[in-house]
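*Asks:* Sharing a structure here in structure tokens format.
The numbers here are math on the coordinates, done by the rules we state, and not lab data. Computed from a prediction, not measured in an experiment: that's the story for all the values here. Ideal geometry is used to build each Cβ from the backbone, glycine not excepted, and the neighbour counts take in all protein chains shown.
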Amino acid sequence: MAFGWCSDACSLVLSPAASFLPLCRSLTTIPSSSFLSLDYSFLFARSPINTAKVSSLIVPRAISFPPDVDAASRRLTPDTTMAQGKAGRRRRSSSIIYQEPPESIEHTSDQAALPNLNANWVNAKGAWTIHFVLIIALKILFDIIPGVSQETSWTLTNISYMFGSFLMFHWVRGIPFEFNAGAYDNLNMWEQIDNGDQYTPTKKFLLCVPICLFLLSTHYTHYDLTYFTINFLATLGVVIPKLPFSHRLRIGLFSDIPEE
């Protein structure tokens, strides 16, 4: 009886060890490659910390510029200033009527730096007399042409003076001198006279001359409708650009501003 109880106790004690021995045998039979390929990710589990970008908290944001802008192009040079002024004045090529924008600070400084020899001569002594000399010379020139009547001579004199005046004061823009740094490239001569002021003595005189010549031409053509129409249209082409509402006004088809 006692011997049976002892055998049962020993079997209970040895049974866990007996059950563990097959497991040990199976472990010894596992290849080394399989043992190395076991998943050990549980050992490197990420701790619950803040995963926000450290660069946004530690490294300050640097000031950046567009890739097409470098340090050399950001310097204020005369070339870049003129290019910016030109870009600011550029318009669509399909525009028929447009207004020339006001001058920038750079252009105003360039205009005030040196005198404008292209427009200041109209205020000089003898500048007003040259208009009467030109009109008389044109009248004599057309009178000596054989077969030209007085009506035709006065009409040709009026048209010639109006055409030359329009080209000189309203068509040509800029100045033929380089020392003004292109400050007047977008203005015609009429807009350069007296710094663009209206109704100055010089501008009043230049406005009255074509009107008086038109009245003389109308009188000596004996108020003929054909001559009157031709002289009237020629006079309008010179008088209208001189009025204040036409100041810095541009009219053209598919034209662009002059190159600077």
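*Asks:* Output the relative contact order of region 138-204, whole-number percent, from Cα pairs under 8 angstrom with separation of 6+ residues.
*Replies:* Numbers: 42 pairs, mean separation 13.5, N = 67.
Contact order relative to length: 20 percent.
*Asks:* Now for a different question. Taking 0.36 nm per residue of sequence separation and subtracting the Cα-Cα distance, how much length would be gained by fully extending the chain between Leu233 and Phe163, in nm to one decimal?
*Replies:* On the way: separation 70, 0.36 × 70 = 25.20 nm, distance 1.13 nm.
Extra length from Leu233 to Phe163 when fully extended: 24.1 nm.
*Asks:* For the residues Thr200, Thr157, Thr129, what sequence is obtained by ranking on other C-beta atoms within 10 Å, fewest first? Before the final figure, lay out the partial values.
*Replies:* On the way: Thr200 15, Thr157 25, Thr129 9.
Exposure proxy ranking, most exposed first: Thr129, Thr200, Thr157.
*Asks:* Filter the GluC sites (Glu not before Pro) in region 102-191 to those in DSSP coil with at most 15 other Cβ atoms within 10 Å of their Cβ, and list the result.
*Replies:* Working: sites: Glu103, Glu106, Glu151, Glu178, Glu191; in loops: Glu103, Glu178.
Those that pass, being in a loop and sparsely packed, are Glu178.
*Asks:* Ranked by Cβ crowding within 10 angstrom, fewest neighbours first, how are Tyr227, Tyr98, Tyr184, Tyr199 ordered? If you can, show how the numbers build up before the last one.
*Replies:* Details: Tyr227 19, Tyr98 16, Tyr184 22, Tyr199 9.
Fewest-to-most Cβ neighbours within 10 Å comes out as Tyr199, Tyr98, Tyr227, Tyr184.
*Asks:* Shifting gears a bit: Among the listed pairs Lys125/Lys204; Lys204/Lys242; Lys139/Lys203, which have their C-alpha atoms separated by more than 20 angstrom in this model? It would help to have the intermediate numbers written out before the result.
*Replies:* Numbers: Lys125/Lys204 16 Å; Lys204/Lys242 9 Å; Lys139/Lys203 24 Å.
Check vs 20 Å cut-off fails for Lys139/Lys203.
*Asks:* Subtract the Cα-Cα distance of Thr200 and Phe177 from 0.36 nm times their separation in residues, and report this length gain in nm to one decimal.
*Replies:* 5.8 nm
*Asks:* If I take R0 = 30 Å and measure r between the Cβ atoms of Ile144 and Leu215 in this structure, what FRET efficiency does the formula 1/(1 + (r/R0)^6) give, to the nearest 0.05? If you can, show how the numbers build up before the last one.
*Replies:* Values: r = 24 Å, r/R0 = 0.81.
Rounded to the nearest 0.05, the efficiency is 0.80.
*Asks:* Would you list His222, His107 from fewest to most Cβ contacts within 10 Å? Show your work: numbers first, answer last.
*Replies:* Working: His222 10, His107 22.
So the ranking, lowest neighbour count to highest, is His222, His107.
*Asks:* Write down Rg/Rh for region 110-168, rounded to two decimals, with Rg from the C-alpha atoms and Rh from the Kirkwood relation over Cα pairs. Let's see the in-between values first.
*Replies:* Working: Rg = 16.0 Å, Rh = 13.5 Å.
Value, to two decimals: 1.18.
*Asks:* Provide, for q = 0.19 Å⁻¹, the log10 of I(q)/I(0) from a solvent-free Debye sum over equal Cα point scatterers in region 96-251.
*Replies:* For region 96-251 at q = 0.19 Å⁻¹, log10 I(q)/I(0) is -1.17.
*Asks:* Right, next: Subtract the Cα-Cα distance of Lys125 and Ile96 from 0.36 nm times their separation in residues, and report this length gain in nm to one decimal.
*Replies:* Taking Lys125 through Ile96 to full extension adds about 6.5 nm, to one decimal.
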